[in-house]
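Written out below as structure tokens is the structure these notes cover.
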Amino acid sequence: MSDGASTPAIVVVGAGPAGIAAATMLLEQGARVTLIDEMPAVGGQYYKQRSAARNISRGRDLDERVEKGQDRLAALHGDRFTLLTDTLAWGLFQPSQVATLRGDTADILSPDAVVLAGGAMERAAAFPGWTLPGVIMAGGVQSLLSKDGVLPGRRFLVAGTGPLLLAVAGEIAEAGGQVVGVVEGSQATAPLRHLHHFWGQMRRVKEAWDYRRVLAQHDIPIYSGHVVTAARGDGQVEEVTFARADANWQVLPDTQRTVAVDTLCIHFGFEALTEIARMAECETAWEGDRGGWHVVHDDGMRASQPGIYVAGQLAGIGGADLAESTGALAGLSAAHDLGLLSERSYTAQAASLRQDIAQRRDIARVLNTIYVPGAALPDVVTPETIICRCEEIQASAIDTAIAEGALSINDIKRRTRCGMGLCQGRICSPIVRAYVARKAGASPTDVGLITARPPLRPIPLAALADLPDEHVGEAVSAV
Ligand SMILES: Cc1cc2nc3c(=O)[nH]c(=O)nc-3n(C[C@H](O)[C@H](O)[C@H](O)COP(=O)(O)OP(=O)(O)OC[C@H]3O[C@@H](n4cnc5c(N)ncnc54)[C@H](O)[C@@H]3O)c2cc1C
């Protein structure tokens, strides 16, 4: 992909805060950059958040940061820059070959290096009734509000864990929805043990305060140390039961209460989307305070395979500012490794970015420790509860697989079809991991990750057939 003048070419997968920062840095250093995103609009999970349709503000500070990000986006242009939206990276092969699909057209890009910045997705949790219409992820509610100005219900309960619960509850209320409560699994006192980490983080503290202020204005109660135990209804959520729980999320007897709602908005943290990195055999690791599975990298965001760099949530769950710093460092390292900047300049710039990253990672580690689903959460699952919604696999099938000796998610997948559906295990993997851990005492590494194989999502066979001749063979054999 390098041009005649051999300007190094880099493909950045994912146009969220991390990918945009990487692309910006690479362009500044003189590289050619192709930024691809499967969504029609760039910005990722964070920059999309402003609820323009209803003019819902999430605080001046947050709006300013979103605006700053959008300015960065607008600044990405020029002869050396190509933006491919609506473009899925469905495979990554060594050395640095990115398989893409745009509309019905497949292609294989062969850059000098790849920055992976595909982010994370929200984690769901299984409980009786979680697959009923009316149960919706927090990010889904935000998307509907920000893109279309649509509220997906009238009377909401917001449940799970993490600061996003407060943000979403506030947005729903400001958009005119009735929120009967926020059910937060972590205990109210949990953040107090980590107060010293927030010293000097006034922006974070203010953000949390702003969310609580909005909830107070709308009389929305926060039930800390509570978990949802069931959603019920005739073809649609009509009521939700939740109960007090201990620090392990074990439900305490005689504490259940039931509320009538038409929408249950859930969020149980994030899960890094590591499949594309794993297709190229980049090493991954599990660390609880990194948010779980992430792509292993060195102190310059280099993954374990040459020519592949990682940034943002893929390298560990954290906020948008951490994603930006890791993106900038990934871009800087790629530019350095491709000979675009001197050792001296690299050392100085990388040191400053590493310092930023260390500070931001510190806060991310604290949040990942406080807001993590408790080990006892799967106790609310009954044998009939669906675990894999794509293939409609019930918990009883997982119980049978465990009884037969299966512990790893790949073994469970082979025996039950769990994870073989449209989402390819993205939704059910964390649920299976938590369930097997609880039922069989397996660690996250015992359960592992579903083997990543191209294509990342189903793609039309005709698109493969239309690939340029030199690539048909390799793409078909990879698939
Ligand atoms: C609903 C929601 C609300 C959040 N609120 C906040 C908040 O208030 N504050 C905060 O700091 N953080 C928030 N976060 C976390 C937020 O995701 C991160 O802070 C930040 O967006 C991470 O940036 P990223 O670039 O790593 O990933 P993302 O922003 O997720 O961007 C990744 C991009 O990669 C694209 N992509 C992924 N895979 C592929 C592929 N194979 N091919 C092509 N494109 C691909 C996606 O379409 C996406 O645009 C929120 C996240 C969510 C989901």
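Observations, loosely collected:
- Arg204 fulfils the conditions (1) under 25 Å from Gly139 (Cβ atoms); (2) of a type outside the set (S, T, N, Q); (3) open to solvent by 70 Å² or more (accessible area, probe 1.4 Å) except for a single criterion, (3).
- Residue within the stretch 257-265 that is surrounded by 22 or more Cβ atoms within 10 Å (Cβ to Cβ) and within 12 Å of the ligand (Cβ to nearest atom) present: yes
- Given (1) β-branched (Val, Ile, Thr); (2) within 10 Å of the ligand (Cβ to nearest atom); (3) open to solvent by less than 10 Å² (accessible area, probe 1.4 Å), number of the condition Ile276 does not satisfy: (3)
- Sole residue being open to solvent by less than 60 Å² (accessible area, probe 1.4 Å) and polar (S, T, N, Q), chosen from Ser342, Ser333: Ser333
- Residue match in the stretch 309-316 (condition: of a type in the set (Val, Ile, Thr), under 23 Å from Arg360 (Cα atoms) and in a loop (DSSP other than H, G, I, E, B)): no
- Residue within the stretch 284-292 that is among the aromatic types (Phe, Trp, Tyr) and open to solvent by 30 Å² or more (accessible area, probe 1.4 Å) present: yes
- Inter-residue pairs, beta-carbon under 6 Å, first crowded, with 17+ Cβ neighbours inside 10 Å and in the stretch 393-418, second in a helix (DSSP H, G or I) and of a type in the set (Asp, Glu), 6+ apart: Leu407/Asp446
- The single condition among (1) free of Cβ contacts under 8 Å to residues at least 60 places away in the same chain; (2) within 12 Å of the ligand (Cβ to nearest atom) that Ser333 does not meet is (2).
- Between Asp234, Asp299, the distinction of being free of Cβ contacts under 8 Å to residues at least 24 places away in the same chain and either more than 16 Å from the ligand (Cβ to nearest atom) or within 26 Å of Arg32 (Cβ to Cβ) (or both) belongs to Asp234 only.
- Strands (runs of 3 or more DSSP E) (entirely within the stretch 85-124) containing at least 3 residues that are within 14 Å of Val310 (Cβ to Cβ) and among the basic types (Lys, Arg): none
- The listed residue being under 18 Å from the mean Cα position of the chain (by Cα), within 16 Å of the ligand (Cβ to nearest atom) and in contact (Cβ under 8 Å) with a residue 12 or more places away in the chain, out of Ile308, Ile363: Ile363
- Failed condition for Tyr223, given (1) farther than 21 Å from Tyr46 by Cα; (2) assigned to a helix (DSSP H, G or I); (3) not charged (D, E, K, R): (2)
- Looking only at the stretch 420-454, and only at residues there that are in contact with a strand residue (DSSP E or B) (Cβ under 6 Å, 6 or more places away or on another chain) and open to solvent by less than 30 Å² (accessible area, probe 1.4 Å), the one that is nearest to Arg389 (Cα to Cα): Cys428
Condition check ((1) crowded, with 18+ Cβ neighbours inside 10 Å; (2) at pLDDT 95 or above; (3) of a type in the set (Ser, Thr, Tyr)) across all residues:
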{"position": "Thr189", "(1), (2), (3)": "no, no, yes"}
{"position": "Arg213", "(1), (2), (3)": "no, no, no"}
{"position": "Ile220", "(1), (2), (3)": "yes, yes, no"}
{"position": "Val228", "(1), (2), (3)": "yes, yes, no"}
{"position": "Ala231", "(1), (2), (3)": "yes, yes, no"}
{"position": "Glu239", "(1), (2), (3)": "no, yes, no"}
{"position": "Gly269", "(1), (2), (3)": "yes, yes, no"}
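- Screening the candidates Leu165, Leu144 for the property of being assigned to a helix (DSSP H, G or I), within 12 Å of the ligand (Cβ to nearest atom) and without any contact (Cβ under 8 Å) to a residue 60 or more places away in the chain yields one hit, Leu144.
- Number of residues in the stretch 113-139 that are crowded, with 21+ Cβ neighbours inside 10 Å and either away from the ligand (no atom under 14 Å from the Cβ) or of a type in the set (S, T, N, Q) (or both) equals 7.
Yes or no, residue by residue, for (1) at pLDDT below 95; (2) assigned by TED's automatic domain parsing to the domain that holds Leu26:
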{"residue": "Asp71", "(1), (2)": "yes, yes"}
{"residue": "Thr100", "(1), (2)": "no, yes"}
{"residue": "Gly103", "(1), (2)": "yes, yes"}
{"residue": "Ala126", "(1), (2)": "no, no"}
{"residue": "Gly139", "(1), (2)": "yes, no"}
{"residue": "Thr161", "(1), (2)": "no, no"}
{"residue": "Leu164", "(1), (2)": "yes, no"}
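The values are calculated or read from the model by the stated rules, or taken from the named source; none is laboratory data. This structure is a prediction, so every number in the text was calculated from the model and none was measured. Here Cβ is always computed from backbone atoms with ideal geometry, including for glycine, and neighbour counts include all displayed protein chains. Surface areas here come from the heavy atoms of the whole protein model, side chains and all, with no ligands, DNA or RNA. Shrake-Rupley method; radii C 1.70, N 1.55, O 1.52, S 1.80 Å.
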